[in-house]
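> Take a look at this one; I'll ask things after.
The values are calculated or read from the model by the stated rules, or taken from the named source; none is laboratory data. It should be emphasised that the depicted structure is a prediction, and the values quoted were computed from it without experimental measurement. Glycine also receives a Cβ, built like all others from the backbone with ideal geometry; neighbour counts cover every protein chain displayed. Accessible surface areas use protein heavy atoms only, side chains included; no ligands, DNA or RNA. Shrake-Rupley method; radii C 1.70, N 1.55, O 1.52, S 1.80 Å.
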Amino acid sequence: MSHKTMNLNIDGMTCSGCSLHIEKDMNRINGIVSSSVNHQTGNGNFIFDINKISTQDVINAVNNIGNYSVINDAEKDDCCVINAKDFDGRKKFDLIVIGGGSAAFSAAIKAESLGLTTLMVNGGLDFGGTCVNVGCVPSKNLIRAAETAYHATHSNFKGIIPRGVDIEFKQIIKDKKELVSALQQQKYMDVVSDFKNLTMLKGWAEFVDANSILVDGKDTYTATNIVIATGTTTNIPNIDGLNEVGYLTNVSLFDLEEKPESLTIMGAGYIGLEIAQAYSRLGVKVRIIEFTDRPLRSQTEDITDVLVAQMKREGIEILPNFRAFKIEKNGTDTIIHCNRPDGSITQIVEPGHIVVATGTKPNTSRLGLINIDINLTKSGHILVNKKMETNISNIYAAGDVTNTPSFVYTAATEGNTAVNNAFSLLKSSIDYSSLPWVVFTDPQIAGAGIDEIEAEKKGILFEVSKLDLIHVPRALAAQDTRGFIKLIRNIKTDKLIGVRVIAPEGGELIQQLSMAIKFGITVKDLAESFYPYLTLGEGIKLAAITFGKDVSKLSCCAS
C-alpha cells in the first residue's frame, strides 16, 4: 500500500471556513487521498500517495493556500495507525473501541493484556482525547502559569512588596503546546506502540448493526464486542447570531498565541471558572455571564460565596441570572443582548472574544445509534450500569459519553472495566460513593461523598462540622485563611459520609478523606489520629474535633 498519513499544525485558521478552504484546495491536488482539517485545534490530517507526492510537497501545498502556514515539520507517522487493508486484510476483530481518549486507551491496554485483537477508531480530536489535548493538561498548565504571575504581584505579607511581572503570553502558549505534544506521545502513543494485536484508525465510525461499524462511509468492520468511548464536546447554546459572530471554546482558546484584550465567558461551571481566573491573572479583562443565580450551582452556597469573593477581588466581573438571547457584531465589537434578573434588557459590549463554556454534550450524533436502538438518558448520554453494560448485550460504553461522572480517571477505570466484563466471567462493578474530585480555581474546591443537601434527600440522620481556615495553624502561618473544611457524618454510625473543602491547595486533602469514606473510618478515628503540625492536613483533625468541641479554645496540637 502506498498511502501515508501525516499530521500538521497549521497557523492562521480562525473559523470553520478556513478549514474547509484548506480541505477543498488540498483535495484538488494529485496524490492527496483525503484531507481533514480542524480550525479549533489547528490540526490537519492528510492521507497521500507517496508515489505521487512527497511529505514536503504536502507542507508546501498548505503553505501556498491563502495566509495559512505549517508551524511544524512533517511529523513521523503514528506507528500504530495502520490502514486496515495493510493489516493482513483484517476486517473482523475480537473488540472494536470507538474513541481515542482515556477510556479508549484503557480499554485497548486491557484488551492487549488479554490477547484480544482490537480495532480502535478515532475521529475528531487527536488520539489522547480531551484531557491531554484540550482539557486537563493544557488548562492546569495555564492555571499554574497564571498562579505564578499572580503571586509575583500579590503578597499576603506586609513585609513582602511585589515588584510586578512581565508576561510573555505567546511563550506561555508555546510551552503549553510542547507539554501537550510530549504527553500525548509519551502517555498515549508510546504506551501502545509495541502492541501486537492493536490496529488504530483515524476516521468516523457509524454502527451498521450491533456487531458492525462503517468507517468514513467506506469500510465495514465487525467484532464480537464493542466499546463506545467517544467522549463529549462543548454544548453550544441556541442563541440568535452566536454562530455568525464566532466564538471560542476551550479547544480553540488554549491555542491562541496572541493575548486576548478581553473575554466574555458564557457559563460559570468549573470549566468557565478555571478559564476565567487563569486568563484574568495573565492580564486579560474577564467577564462571566451565568444564567443561574450563582457560579458552580452544583455546590452549596457557602462554597461559591468564598470563590465569588476571591474572583471579584481579582477584578473578574460576574453577572448571575443574565440570559443572552441575541449576539451581533458592531464593527469589531460583539454586542451581547441579555435579559437581566429584573426582566429588563441590557447590551454588553465585548471588544475581545466570546468563550462558550455552557457545559458539554455526548459525542453520539455521528454514531448511527438509531441502527442499534441503544438506550440513552434525557441528556443523550449512553445509559450504562455499574458494569458499564448497555441494554445491548455485546455493546459497552465508558467515559464522558455515558451517564457516569465525567473525569479522566473514572474514564480510565470504566474502559478497563468494560473490556473485563465483555470477555470475562468474573464481572466487576464500579462504586462511585467515595469518588474524589477537584476544581482547580484558587482557592481550590474539592469533594468526596455526599454533601448535606444530598444527605437530607437520602433521609440520612447526619451532622455537619464546618471549620474555617482561620482556625488552622498552617493557614495562619501562611497568612491565607480563605475557605473552610466541611465534614458530614452519619450520626448513627459516626462514619464520615461526605466532605467539601475550599482552600488554597485544598485538593491535596481530598484523597485521604475519600479513603476514609470508602473504608468506613469514623469521625472519632479522624480526630484521634496523628497529624503533623502546621500542615493543611491538620485541619482534618480539627474539623473532626469540632463535632464535639470548640477548637478556638484548644491549645496548639491539643485534642
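> Ratio of alpha-carbon Rg to the 2.2 N^0.38 Å globular estimate for segment 313-363, to two decimals, please. Kindly include the intermediate steps, with their values, before the conclusion.
Details: Rg = 12.9 Å, N = 51, 2.2 N^0.38 = 9.8 Å.
After normalising by residue count via 2.2 N^0.38 Å, the value is 1.32.
> Continuing with the same structure: For segment 375-421, what are the per-bin percents of Cα-Cα distances with bins 5 Å wide, up to the bin holding the maximum?
It works out to 5, 27, 35, 24, 9, 1, in whole percents.
> At 10 °C and 1.306 mPa s, grab the translational diffusion coefficient of segment 279-355 from Stokes-Einstein with a Kirkwood Rh over Cα pairs, rounded to a whole number in µm² per second.
The diffusion coefficient I find is 116 µm²/s.
> Summarise the long-distance tail of P(r) for segment 478-528 by giving the % of C-alpha pairs beyond 13 Å.
Counting every Cα pair in segment 478-528, those more than 13 Å apart make up 59 percent.
> Quickly work out the R366-to-S344 label distance, labels modelled 7 Å from Cα along the C-beta direction, and quote it in nm with one decimal.
Output for this residue pair reads 4.6 nm.
> From the C-alpha gyration tensor of segment 84-187, pull out the three semi-axes of the equivalent ellipsoid (sqrt of 5λ each), sorted largest to smallest, in whole Å.
44, 14, 9
> A further question on this structure: So which GluC sites (Glu not before Pro) in segment 225-260 end up in coil per DSSP with only 12 or fewer other C-beta atoms within 10 Å?
Qualifying residues, ordered by number: E258.
> Mean 1/r over all different Cα pairs, inverted: what Kirkwood radius does the chain give, in Å?
Every distinct Cα pair counted, the radius reaches 25.8 Å.
> Work out the P(r) tail for segment 1-62: percent of alpha carbon pairs separated by more than 18 Å, whole number.
Taking all Cα-Cα pairs of segment 1-62, the fraction more than 18 Å apart is 26 percent.
> Ok, one more. Under 37 °C and 0.692 mPa s, how fast does segment 349-458 diffuse according to Stokes-Einstein, given a Kirkwood radius computed over C-alpha pairs? Answer in µm²/s, whole number.
Values: Rh = 16.4 Å.
Rounded to a whole number, D works out at 200 µm²/s.
> For segment 341-478, with all protein chains present and a 1.4 Å probe, just round the carbon and sulfur fraction of the accessible area to a whole percent.
Summing carbon and sulfur atoms, their accessible area is 53 percent of the total for segment 341-478.
> Find, to one decimal place in angstroms, the Kirkwood hydrodynamic radius of segment 485-559, where the mean of 1/r is taken over every pair of different Cα atoms and then inverted.
Here the Kirkwood hydrodynamic radius works out to 12.5 Å.
> What's the Cα-based Rg to Rh of segment 131-182, Rh via Kirkwood?
Working: Rg = 13.6 Å, Rh = 12.3 Å.
Rounded to two decimals, Rg over Rh is 1.11.
> If you don't mind, another one. Let me make sure I get this right: for segment 500-540, a, b and c are the square roots of the gyration tensor eigenvalues over alpha carbons, sorted descending. Under 1.5 in a/c it's rounded, otherwise prolate if a/b > b/c, else oblate. Which is it? List each step's numbers first, then the result.
Details: a/c = 2.35, a/b = 1.23, b/c = 1.91.
Judged from the Cα gyration tensor, segment 500-540 comes out oblate (a/c at least 1.5, b/c at or above a/b).
> Continuing with the same structure: To the nearest 500 deg cm²/dmol, what mean residue ellipticity at 222 nm is calculated for the chain from DSSP H runs of n ≥ 4 alone, each contributing -39,500 (n - 2.57), summed and divided by the residues?
On the way: 16 runs with 154 residues, N = 559.
The helix-only estimate for the chain comes to -8000 deg cm²/dmol at 222 nm.
> Also, quick follow-up: Please calculate how many Å² of accessible area the chain carries per residue, with a 1.4 Å probe and no DNA, RNA or ligand atoms counted.
Working: 26020 Å² over 559 residues.
Heavy-atom SASA per residue in the chain reads 47 Å².
> With 32 Å as the limit, write out which pairs from K177/K312; K170/K218; K24/K140; K218/K259 have Cα-Cα distances beyond it, or answer none.
K170/K218; K24/K140; K218/K259
> Need one number: % antiparallel among DSSP beta bridges in the chain, to the nearest 5.
65
> How big is segment 411-559 by Rg and Dmax over its Cα atoms, in Å?
In Å, with Rg to one decimal and Dmax whole: 17.0, 59.
> Against the longest alpha carbon principal axis of the chain, how many degrees, from 0 to 90 and to the nearest 10, is the axis of helix 16-27 turned?
30
> Cα extents of segment 160-276 along the three principal axes, largest first, in whole Å?
So the three principal-axis extents are 65, 44, 24 Å.
> Give the angle, between 0 and 90 degrees and rounded to the nearest 10, that separates the Cα long axis of helix 270-281 from the longest principal axis of the Cα atoms of the chain.
The helix 270-281 is inclined about 80 degrees to the chain.
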